Structure formats: structure tokens, C-alpha cells
1. For region A:38-161, what is the charge dipole size about the Cα centre, in debye to the nearest 20, if Lys and Arg each add +1 at the Cβ and Asp and Glu each add -1 at the Cβ?
2. Under a crude label model (7 Å from the Cα following the beta-carbon direction), how far is A:Thr13 from A:Ser154 in nanometres?
3. Ignore the peptide's own chain and count Cβ atoms of other chains within 10 Å of each Cβ in A:97-109; give me the average, rounded.
4. Need the full-extension length gain, B:Ala198 to B:Arg210, defined as separation in residues times 0.36 nm minus the C-alpha distance. One decimal, nm.
5. Which order do you get for A:Phe251, B:Phe86 if you rank them by accessible area with a 1.4 Å probe, largest at the top?
6. Given only helices, namely DSSP H runs of n ≥ 4 each adding -39500 (n - 2.57), what is the per-residue ellipticity at 222 nm of chain A, to the nearest 500 deg cm²/dmol?
7. Where Lys and Arg each count +1 and Asp and Glu each count -1, what net charge lies around A:Ala71 among other residues with Cβ under 14 Å from its Cβ?
8. What FRET efficiency comes out for the pair A:His210/A:Glu245, r = Cβ-Cβ distance, R0 = 22 Å, nearest 0.05?
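The values are calculated or read from the model by the stated rules, or taken from the named source; none is laboratory data. As the structure is a prediction and not an experimental result, all values here were calculated from the model. In this analysis, Cβ positions are derived from the backbone assuming ideal geometry, glycine residues included, and neighbour counts consider all displayed protein chains. What goes into the accessible areas is simple: the full protein's heavy atoms, side chains included, and nothing from ligands, DNA or RNA. Shrake-Rupley method; radii C 1.70, N 1.55, O 1.52, S 1.80 Å.
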Amino acid sequence: MSEMNATDRVGGTKPPTLQLSGLHKSFGTVEVLREIDLTVERGQMVFVLGRSGSGKSTMLRCCNRLEEPSAGSIFLEGQDICARGVDLDKIRRRIGMVFQSFNLYPHLDARRNVTLALRKVLKLGRDEADERATSALDRVGLANRADHYPGQLSGGQQQRVAIARAIALQPVVMLFDEPTSALDPELVGEVIAVMRELKDLHMTMLVVSHEMAFAREAADRVVFMADGRIVEDAPPEQFFTQPSEESTRAFLARYSA
Amino acid sequence: MDQLILQFFNVEVMAKAWPLLLRGLGMTALLCLAVIPLGLLGGLLAALASTSQSRWLRWPTVALIDLFRALPPLVLLIFVYSGLPFTGLQLPPFLAVVIAFLLNNSAYYGEIIRAGLISVPAGQSEAARSTGLTQSQTLIHVVLPQALRNVLPDLISNSVEVVKMTSLASVVSLAELLYSADMARSVTYNASPITLAALIYLILLWPVVRLMSRFQRKIAI
């Protein structure tokens, strides 16, 4: 296991929760990520904005190596997760991920959607896993839906179960890949409420989303991507009122119009 | 009319042939118990290999599946039973049937299970892997249950075909249901034992076929 501490160079403090450094990704000859540097400090909520095709989702999916980076490194609490010989499954249980299309297991009820990894990955006993699942479902306000199958839940409820499935593993960081894009407008609020609660609990989060109002109100930093690069990285107030880049201004103008 | 009943529906002959046919039915059941689970297992392996990332696994598997789906099962059976002895390998009839059917069934079950595997959205595996489940845990707990459920009607209807196909074993003198009935026919010089065998197949398989149709109608809605 290569324990390379990325911040030792800067000082003796705790390494950032997530750090991407010089990340590249190509699909064939198409370069979708170029020279990405991004740091997410502990307890921070970082929002990633950008047009579709700008590489946001690919960058997010590189963070737990659902997408294999072509070059560069990713550090999780200082540990290089792209290093040779790392146990990827062990890394992934520390990184929660929430998908645009929920991806709940349709053949399992809400409780067993949450307990599957607790039982098989963390090797918890049935009772302990059930207990943890109940408390995770309770956190997203769905303890009373534990026996429901995904098909019996609304989109917003499904996404909240998916969040419960991820947080039950007590990850050090949560990745959100457009968590509200597949939802009817009236269901967006309940998912955002859960994310806001996670933020209040100081969960570290990297969020790809188009919910600008939420970004402005809750994010610690907003990152703007275009053509596979990060072109702007600023606190939300500055980002939305006086962005430094022309492409950010154009994007914001189009979205606020 | 009387002649017809006497030749095909002679209860007396049927009663006399009954013990022989019952033994034949036992052999048919034994064959099914061997070739259906083996075929499902072979099919699962074939499906996994034919959806594998590695082309060195995928291509030969696809070629073999094509080959054994194109070969008539009777040709395969006679080849295994009567062809292989020319290489000095004489297999007992039961084993010859099991091997021939394993090859044929694995190809058919394999194609069905493959269709099931690719019917499960990639997001399912991604979600499972993102929680730290290994590739085989993901397969066992997330992908396979959904894949098999999606193709359950096809698996059952293929199994009905397999039960019927076991009658081919009669050509290598394996005393299953049809062979026993034909024996009884030649001894009694009466076709009623064949009718009885047909009735037994019908009684065994018709409820399954009926159930399948209802099941498929339900899925269609």
C-alpha cells in the first residue's frame, strides 16, 4: 500500500479528503479531461458546474475509478488510489456515490438495498446491518419505507434510499452525479433537503449538478468546467457575482436567463 | 372405429405396458435431473464467457455456441455414441446422452442467460461496485438475480424442450419413456403403449406450457 501524503509537501496538516492532480482522461482520441487539479478539503461541499459534455461526470466517475484515468493521480486522504496494488474495493467503500438514475437494486427492498454492502463488504451480522440500515433510512426520512421495493417508491424517495445506501457505509466523501436531474421538479426539493442535512453533518461532498440556487446557498466552492478543463474555482458569492472567466459569464448568463 | 380404439387406445394393453413405461418414465426423469442442471450450469459459464471483457474468452465461446446451436442434437448424440468409438472411446448410452445434451443445452441456455445478463443496465454493476462489492459479489447478488428473472420464461420453455428432447435417447437404446413404449409396442404388436407415452408427456408438460402462456401474458401487461 503506497501511503503518499500529498500535503506533507506543504505542511504537516491532515491531507485533503480528495485531491485530483494532473488528471487526464481520453476516450480513444477524444480528450475529455485535461490537466485537472482539484482539492476537496474535509467537510467541504464543492459544486461542479458546466455544460453537458464538459467532462464533469467523467471527472466525478474517475474519483472512484468507475472511469479509469488516462494519466494523473487521485489521492483519498493522502493515499494514491491509482497506485499499483491498491485494493480498489477497499477504497470504494470509503467513497459514497449517488447516481443520476438512482440505480437501486430493483429485486431488493429499501432495507436490503442498504444492507447488501454492509453484509457483504463490511461483513456485519444481520442485526447490526439492519440497525445501521434503519438509521441510514431514518436519516433520509424513509425508515417507514424500509420494506418497499424501488418500484413502489417515487423518484425522490428512490434517490433518498440511494443516498442512505451510500452513507450507511460511513464514507469519507460523497460523490453526487446529477442527483436531481432525473427527478420531476416537485421532487427535487426533498433530495436537496437531504443533501443539506449531510452538509450540516460536515459530510465532505463533491457534487455535479445544475441546481444553481442550491450551489449558491450551500457550496463552499464552485468549480466551472469547460472542454475538459477547470476554468474557474471560487467561493459561490464570487463565482456567481463576479466570475473571472468569459466562458463562466456566458454560462451563467444563459442559465439565469 | 372399434379397430382404431383397439389399436391405439387399448386399455388392456396399456395396463400391461404400464410397469415398463413407469420404469421408462423413471429413466426420463433421471435424464432430466442430469441434463437440465448441467445445461443450466454450462449455459451460465457460456454466458459469462461470451460476455467477458477478454476477446480470447469471448470469441471461442461464441464460435462454440454457434456450432452447437447449428448442429442437430440427434447428429451430435449419434456422433458421441457411435462416432467416438472409432477413436477407441465407447461411452455407455447414459453418459453419451448427457455429454451430447450438455453441449447442446449449454449453447441454448447460454444464449438465454447472455440475453438476461445484457438486459441488466450497466448502472446496476456500477452502483454495486461503488459500494465496494467485488466483481463476483456484484454478479451473484445484483446482476444474476435480475438477469435470470428477466429471462425466466425462456429458461422454462427451453427446459420443456429439453424434457421432450430426452426422447432422442431412445436411438442409443437408453430405456427412457419412448424407448420403453416402443419396446412394449413391438412386444404387444399394438400402438397403444405409444399413445400412453404420448399421454404421459402431455400430462407432464401441458400444465407447464399453460402456465407459461399465462405468465407471459402477465408480463406483457
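1. Values: 20 positive and 14 negative charges, 28 e Å.
Here the size comes out at about 140 debye.
2. About 4.2 nm, to one decimal.
3. 4
4. Details: separation 12, 0.36 × 12 = 4.32 nm, distance 1.72 nm.
So the extension gain works out to 2.6 nm.
5. On the way: A:Phe251 0, B:Phe86 185 Å².
Largest to smallest exposure gives the sequence B:Phe86, A:Phe251.
6. On the way: 9 runs with 90 residues, N = 257.
Theoretical 222 nm ellipticity from helices: -10500 deg cm²/dmol.
7. Working: positive: A:Lys25, A:Arg34, A:Arg65; negative: A:Glu31, A:Glu35, A:Asp37, A:Glu67, A:Glu68, A:Asp80.
Around A:Ala71, the charge tally is -3.
8. Once the sixth-power term is evaluated, E becomes 0.75.
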